[in-house]
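J.: First the structure, which I've put down as structure tokens, then a few questions once you've had a look.
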Amino acid sequence: MSAPLSFTLPDLCVLQFQGADAVSFLHAQVSNDLEHLAADRACLAAYCTAKGRSLATLVLWREATDTVFALVRRDLSEALIKRLRMFVLRSKVTISLAELQVYGVADQSAAQAVWNLQREGGDTLIQAPGTLEGMNRHWRISSQQDANAQASEGRWETADILAGLPWVSAATQDLFIPQTLNLDLIDGINFKKGCYPGQEVVARSHYRGTIKRRMMAARTDRLDAPPAGQESADVFLVPSEGGAEPIVAARIINRAWQAQQQRLYVLMEVVLADLEQGQFQLEQGQALELQPLPYALPELSASDGTN
């Protein structure tokens, strides 16, 4: 039996929404239903612009009746807090960066449903999608330091990628609608809830035509670490027909470099019709090998609408 693993996750942080209107305020801002979220459940959601472009992906959960917490990428947290405060107006809610630590834990505990939430000795445990080296994954949100936690070195982030879980970062804000991030396939969008920023665009894309762009996972073997800051970088398609020049055909959403394996894993937005047209590669020429996602992508027909 593998020993439990605990990783520090410095790229993630927790936002706190507190006050009598915390739930109703945030419910009106994100793509999922917070008003009916059970106390033992978390949920995934997007926060969008009026044009339906994702400014953040969040894992949300409620505490009592007046507090909501949100797990988000740290590099966009300041801008996100500033933007959300603009819409508070007369709502009774304060928004701040919580003094909580985020850890990724992989162990042999009994499998729970994804987004299941438990409380243990003051910590909050949220079941994460996917596995890590055959072990179940959960986030541990704690006010205490974990002296046994180690640097992830890409292992936890790779598990996110192979689970098809996207994290919008500062580099990828305002680039993707929630469906191209596959949020409709992993319970990140509630199409029956009321209005929120971008809801009209998201709903129209859902009801009037299949999405032509989707998120895919891929990997490449490399001899050295890739340069930093590659999120949102272009991905090229080398057409199957000989002699054709590579064209920009996709964009990286997230990436994880594993030095031990000498492999780079990525989530990228692709045009589904391109999947059979050639070979995807990075700008430096490394070929990308597509990896299976744990959920099915809808089939694309010739009559599908745009997006």
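The values are calculated or read from the model by the stated rules, or taken from the named source; none is laboratory data. Remember, predicted model here, so these are calculated numbers, not experimental data. Methodologically, a virtual Cβ is constructed for each residue, glycine included, from the backbone with ideal geometry; neighbour enumeration extends over all protein chains shown. Surface areas here come from the heavy atoms of the whole protein model, side chains and all, with no ligands, DNA or RNA. Shrake-Rupley method; radii C 1.70, N 1.55, O 1.52, S 1.80 Å.
J.: With θ taken as phi - 60° and the coefficients 6.51, -1.76 and 1.60, list the Karplus ³J(HN,Hα) couplings across the range 107-113 in order, rounded to whole Hz; mark glycine and proline as x.
T.: For the range 107-113, the Karplus-derived couplings read 8, 9, 5, 4, 5, 10, 5 Hz, x marking Gly and Pro.
J.: Moving on. Residue-wise, which Karplus ³J(HN,Hα) couplings in Hz belong to the range 116-123, taking 6.51 cos²θ - 1.76 cosθ + 1.60, θ = phi - 60°, and x for glycine or proline?
T.: 5, 10, 10, 10, 9, x, x, 8
J.: Relative to 2.2 N^0.38 Å, what does the C-alpha radius of gyration of the range 163-204 come to as a ratio? Two decimals please. Can you show the working numbers first?
T.: Details: Rg = 10.9 Å, N = 42, 2.2 N^0.38 = 9.1 Å.
Dividing the Cα Rg of the range 163-204 by 2.2 N^0.38 Å gives 1.19.
J.: Something else: Using the Cα atoms of the range 251-302 to build a convex hull, what is its mean projected area in square nanometres?
T.: On the way: hull surface 18.6 nm².
About 4.6 nm², averaged over all directions.
J.: Starting from the Cα coordinates of the range 36-75, work out the convex hull volume and express it per residue in Å³. Don't skip to the answer; put the middle values down first.
T.: Numbers: hull volume 3.6 nm³, N = 40.
So the per-residue Cα hull volume is 91 Å³.
J.: Another question about this same structure. May I ask for log10 I(q)/I(0) of the chain at q = 0.10, 0.11, 0.12, 0.13 Å⁻¹, from a Debye sum over the Cα atoms as equal point scatterers with solvent left out?
T.: Cα-only, vacuum Debye calculation for the chain: -0.56, -0.68, -0.81, -0.95.
J.: How much accessible surface area, in Å² rounded to 10, belongs to the heavy atoms of Met86 with a 1.4 Å probe?
T.: Accessible area, nearest 10 Å²: 130 Å².
J.: Dividing the alpha-carbon radius of gyration of the range 136-259 by 2.2 N^0.38 Å (N being the number of residues), what value is obtained?
T.: With N residues counted in the range 136-259, Rg over 2.2 N^0.38 Å equals 1.31.
J.: Using only the Cα atoms, work out Rg/Rh for the range 1-74, with Rh taken as the Kirkwood radius, to two decimals. Show your work: numbers first, answer last.
T.: On the way: Rg = 14.1 Å, Rh = 13.4 Å.
Checking Rg against Rh, the ratio lands at 1.05.
J.: Okay, moving on. Sequence neighbours fewer than 8 away in the same chain don't count; with that in mind, list the lysines whose C-alpha is under 24 Å from Lys212.
T.: Lys212 reaches Lys51, Lys192.
J.: Dipole size in debye (nearest 20) for the chain around its Cα centre, Lys and Arg Cβ +1, Asp and Glu Cβ -1?
T.: On the way: 27 positive and 35 negative charges, 183 e Å.
So the magnitude is around 880 debye.
J.: Go through the range 51-89 and name the trypsin sites (Lys or Arg not before Pro) that are in a DSSP coil and have 16 or fewer other Cβ atoms within 10 Å of their Cβ.
T.: Working: sites: Lys51, Arg53, Arg62, Arg73, Arg74, Lys82, Arg83, Arg85; in loops: Lys51, Arg53.
Hits after loop and neighbour filter: Lys51.
J.: Which percent of Cα pairs goes in each bin when the distances of the range 76-127 are cut into 10 angstrom slices starting at zero?
T.: Over the range 76-127, the share of Cα pairs per 10 Å bin runs 17, 35, 29, 17, 2 percent.
J.: Starting from a Cα-only point model with no solvent, please compute log10 I(q)/I(0) by Debye for the range 49-149 at q = 0.12, 0.15 1/Å.
T.: Reported log10 I(q)/I(0), two decimals: -0.50, -0.75.
J.: Could I ask something else about it? Restricting to the chain, what percent of DSSP beta bridges are antiparallel, rounded to 5?
T.: Details: 74 of 76 bridges.
About 95 percent, rounded to the nearest 5.
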